[in-house]
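In what follows, a structure is listed as structure tokens, so that the remarks can point back to it.
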Amino acid sequence: MPDALTNPQLLRSLGKLARGLSALFWGLPAALLVSAETARAEWLKPLGFLPALAVNALLVYGLWQMGDFQKQERPWRNALDRAQLLALVIFGLCPFIYWHNKMPEQIFFSAAVAVLELSAVLFLFNLNLVLKRLGAMLPDETLRSETRQFTALNRWLLVALLFFAIAFVALIQLPHPSLPVGRLLIWLNRASNLLLIFFILLPLAMTMALIWKTKEVILDAVFGSRQ
């Protein structure tokens, strides 16, 4: 990116892009951990839903910082706008995690949490599209290749997660499941933690790795070349 050194506006947008990627890198695991702890409402109980709002606001901030980069690129802007919309939906729904824990019998709160979970999966899916579009615009062939491969893998894992979730919900709605179906439900309940690690934590970890590497490429190519 040698042109960035003579273009102050592009240089500022790259700086904000790097800050946005840093916010996403730290905000993703924080949002997962704080949301899980808010659902349990133990040591965060005195703070209510405020910690969940704070960490999800970090994701919104990170995407907002990235919005100044290459505004004329339509595929990049479309992917970023979808991710921003989903981040705002998650931000608005995250208080329901706490309220559902306090009043689990309320169907409205349960439905809101279900929409939140679906939005979180879709957000991670679209965030990988954002990284794919961003990698395609950066002059690093290795990053471009890795981003294309790993974002595709992450999206397939998330699609598989949605498929299994829909199938599980459909199976538990059966009034009198057959013996094989009953055994399958028992196995899914026992294997839920392993499935969560594989279909959620693995894409999350790979997404964080791509975010970090993208930020390092930007810092090294632009700001490192000024030395």
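What follows draws every value from the coordinates through simple rules; no lab data is involved. Note that the structure is a prediction, hence the values are computed from the model and not measured. Every residue, glycine among them, receives a Cβ derived from its backbone with ideal geometry; neighbour counts consider all protein chains shown.
Shape of the stretch 64-178 from its Cα gyration tensor (a ≥ b ≥ c, root eigenvalues): rounded if a/c is under 1.5, otherwise prolate when a/b > b/c, or oblate?
Judged from the Cα gyration tensor, the stretch 64-178 comes out oblate (a/c at least 1.5, b/c at or above a/b).
Using the Karplus equation 6.51 cos²θ - 1.76 cosθ + 1.60 (θ = phi - 60°), what ³J(HN,Hα) coupling, rounded to whole Hz, does each residue of the stretch 75-84 give in order, writing x for Gly and Pro?
Calculated HN-Hα couplings, in order: x, 5, 5, 4, 5, 5, 5, 5, 5, 5 Hz.
Could you pull out the GluC sites (Glu not before Pro) across the stretch 30-123 that fall in loop regions by DSSP (anything but H, G, I, E, B) with no more than 11 other Cβ atoms inside 10 Å?
GLU42, GLU105
What is the total of Lys pairs in the stretch 1-132 with C-alpha atoms under 27 Å apart, excluding same-chain pairs fewer than 8 positions apart?
Close lysine pairs found across the stretch 1-132: 4.
For the stretch 130-140, just list the computed ³J(HN,Hα) in residue order, Karplus coefficients 6.51, -1.76 and 1.60, θ = phi - 60°, integers in Hz, with x standing in for Gly and Pro.
Values per residue, Gly and Pro as x: 4, 5, 5, 5, 5, x, 5, 8, 8, x, 9 Hz.
What shape does the stretch 1-155 have by the C-alpha gyration tensor, where a ≥ b ≥ c are the square roots of the eigenvalues, rounded means a/c under 1.5, and otherwise prolate means a/b greater than b/c and oblate the rest?
Judged from the Cα gyration tensor, the stretch 1-155 comes out prolate (a/c at least 1.5, a/b above b/c).
For the stretch 111-119, what does the Karplus curve 6.51 cos²θ - 1.76 cosθ + 1.60, with θ = phi - 60°, yield as ³J(HN,Hα) per residue in whole Hz, taken in order and with x for Gly and Pro?
So the J values, rounded to whole Hz, are 5, 5, 5, 5, 5, 4, 5, 4, 5.
Report, to one decimal in Å, the Kirkwood hydrodynamic radius for the stretch 56-99 based on all distinct Cα pairs.
Hydrodynamic radius (Kirkwood, Cα pairs) of the stretch 56-99 is 11.2 Å.
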